[in-house]
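Participant: Structure in structure tokens, see below.
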Amino acid sequence: MKNLPPTHSDMACVRESAPAVGRGVPARLGNGKLRTARPTLWFSHRSIPRLPSCLRPLVGWACLWLATLPLLAQDPPSDPRVTPTNLCISLGATATFRASAGGTLPFGYQWHYTNNGTSFPLDDGSNPSGLRNVLNLTNVLSSDAGGYFVVITNTVGSATSQVAQLTMDPTFIKITDSPVVTNRANWNIGSWIDFDDDGFSDLYMSAGLSVSGQAPALYQNNGGNNFVLLTTNEVGAIVAPTIGMSGVGLWGDFDNDDRIDLLELRVNSSVTSTANRFFRGRADGTFELITANIGVNRPPMPVYNGAMVDYDNDGFLDVYFDGGLVGGTYDLLYRNLGDGTFTNVWSPPTTSQYSCWADYDSDGDMDLWATDH
């Protein structure tokens with residue numbers, strides 16, 4: 001009689017994930033032949049005709065035992081942890097908790113919120129991260145403060161983590177939906193100025209170095225979180241693309257015409273490309289780039305930082321430059337001549353990175369503090 005392949009009626013068991021024998025996996029034991037296929041182990045009465053009938057029931061028990069081996073080898077989740085254990089953030093910010101545990105993967109996760117003795121699972125519909133190992137709570141409110149823990153499961157067990165506490169610092173509210181934080185570009189240093197004199201501080205961002213032709217940005221504050229990115233058609237060359245990296249923006253009424261002006265410092269490594277940019281404010285709200293040499297826009301060397309001061313008390317803003325990080329540079333003091341030009345009047349024997357002016361001894365004369373490089 002020929003040994004036929006097993007059927008559902010005469011199979012003792014079928015195991016879909018039996019271990020391989022050597023480098024192959026027995027697909028069928030029949031006709032005395034063995035061939036390699038997917039890891040499937042077949043047992044049937046016909047495939048082992050010489051087995052005594054009294055022993056054949058033992059084959060089923062052996063198959064059941066083999067099928068449970070993978071489960072016996074698995075470990076339930078152990079030592080579940082949530083980090084950080086305590087988190088304090090500003091209102092409107094994003095809170096992130098991470099879960100980890102020992103045991104056999106894969107894991108399932110269910111985060112829970114608890115406060116004042118009440119706990120409930122987080123709804124994965126409103127927050128899909130409630131079923132992941134990393135929980136993200138965006139734009140948090142004061143009502144989100146409380147405890148968070150996670151239940152981690154696998155096919156053989158579950159474990160519950162400790163409770164991590166989330167608290168809010170109401171001192172500041174983090175703004176996450178304004179263009180001044182959502183826009184991305186290669187900018188360097190920001191400065192606040194109410195350039196349009198409407199009572200709201202506007203934001204100016206100087207251009208960075210790594211992208212040639214990066215444009216500075218001027219955001220007009222229309223109240224609240226409503227900032228608008230202005231174009232060259234609206235404010236002129238002040239937001240036109242430039243070459244090289246810009247540094248600090250010094251805002252002031254340098255010519256005493258009751259309109260704000262901007263001296264934008266350039267941070268570069270060669271004298272030929274370090275021309276600062278001076279913008280004179282116009283009556284129509286735009287800014288004119290001054291290309292003529294007025295002194296402060298053509299320093300003899302690269303500058304790193306700067307400060308405005310009326311050091312001689314003549315009613316006109318003067319400029320102090322910090323030599324900064326570029327080798328062979330030094331600090332420079334430029335006096336405002338009142339006719340739209342500046343002249344270098346002092347070069348102290350120091351190279352500083354930052355400086356500030358104040359009448360610290362109240363004698364009517366401005367004093368200088370500078371950090372040496």
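Participant: Provide a single number: the residues in segment 176-204 that are on the phi > 0 side of the Ramachandran plot and either open to solvent by less than 60 Å² (accessible area, probe 1.4 Å) or acidic (Asp, Glu) (or both).
Facilitator: Total meeting the criteria: 1.
Participant: On to the next question. Looking at segment 284-335 only, could you name the residues that are of a type in the set (Gly, Ala, Ser) and without any contact (Cβ under 8 Å) to a residue 24 or more places away in the chain?
Facilitator: Result: ALA292, GLY327.
Participant: Suppose we filter segment 117-132 for residues that are assigned to a loop (DSSP other than H, G, I, E, B), open to solvent by 30 Å² or more (accessible area, probe 1.4 Å) and touching a residue at least 12 places away in the same chain (Cβ under 8 Å); how many remain?
Facilitator: Qualifying residue count, segment 117-132: 1.
Participant: For the list (1) at pLDDT 95 or above; (2) under 27 Å from THR118 (Cβ atoms), I need the number of the one condition that ASP169 fails.
Facilitator: Among (1) at pLDDT 95 or above; (2) under 27 Å from THR118 (Cβ atoms), the lone unmet condition for ASP169 is (1).
Participant: Just one of SER158, SER142, SER100 is in contact (Cβ under 8 Å) with a residue 24 or more places away in the chain and under 30 Å from ASN221 (Cα atoms); which is it?
Facilitator: When all the criteria are applied, what remains is SER142.
Participant: How about segment 133-153: which of its residues are out of contact with any helix residue (DSSP H, G or I) (no Cβ under 9 Å at 6 or more places or on another chain), exposed (fewer than 15 other Cβ atoms within 10 Å of the Cβ) and in a strand (DSSP E or B)?
Facilitator: VAL134
Participant: Being open to solvent by 20 Å² or more (accessible area, probe 1.4 Å), part of a strand (DSSP E or B) and at pLDDT 85 or above is the filter here, so list the residues in segment 234-256 that pass it.
Facilitator: Passing the criteria: VAL248, TRP251.
Participant: Out of everything in segment 355-364 that is open to solvent by less than 80 Å² (accessible area, probe 1.4 Å) and not hydrophobic (A, V, I, L, M, F, W, C), what residue ends up being nearest to TYR304 (Cα to Cα)?
Facilitator: SER355
Participant: Which residues, counting only those in segment 281-316, are closer than 19 Å to ASP258 by Cβ and crowded, with 21+ Cβ neighbours inside 10 Å?
Facilitator: The answer is GLY281, PHE287.
Participant: Within segment 317-331, track down each residue that is closer than 16 Å to SER347 by Cβ and surrounded by 14 or more Cβ atoms within 10 Å (Cβ to Cβ).
Facilitator: ASP318, VAL319, TYR320, PHE321, ASP322, GLY323, GLY324, VAL326, THR329, TYR330, ASP331 - these are the residues of segment 317-331 that are closer than 16 Å to SER347 by Cβ and surrounded by 14 or more Cβ atoms within 10 Å (Cβ to Cβ).
Participant: When the residues of segment 154-175 are filtered to those that are outside any strand (DSSP E or B) and closer than 20 Å to THR85 by Cα, which remaining residue is least open to solvent (accessible area, probe 1.4 Å)? Can you show your working first?
Facilitator: To start, the set of residues in segment 154-175 that are outside any strand (DSSP E or B) comprises 155-156, 161-163, 174-175.
From what is left, the residues that are closer than 20 Å to THR85 by Cα are 161-163.
Numbers: SER161: 12, GLN162: 67, VAL163: 66 Å².
Here the answer is SER161.
Participant: Return yes or no: is TRP346 over 26 Å from THR242 (Cα atoms), in contact (Cβ under 8 Å) with a residue 40 or more places away in the chain and touching a strand residue (DSSP E or B) at 6+ places or on another chain (Cβ under 9 Å)?
Facilitator: Spelling it out, it is not the case that TRP346 is over 26 Å from THR242 (Cα atoms), in contact (Cβ under 8 Å) with a residue 40 or more places away in the chain and touching a strand residue (DSSP E or B) at 6+ places or on another chain (Cβ under 9 Å).
The values are calculated or read from the model by the stated rules, or taken from the named source; none is laboratory data. Being a predicted model, the structure only gives us computed values, none of them experimental. Glycine gets a Cβ as well: all are built from the backbone with ideal geometry, and neighbour counts include every protein chain shown. Heavy atoms of the whole protein, side chains included, go into the accessibility calculation; ligands, DNA and RNA do not. Shrake-Rupley method; radii C 1.70, N 1.55, O 1.52, S 1.80 Å.
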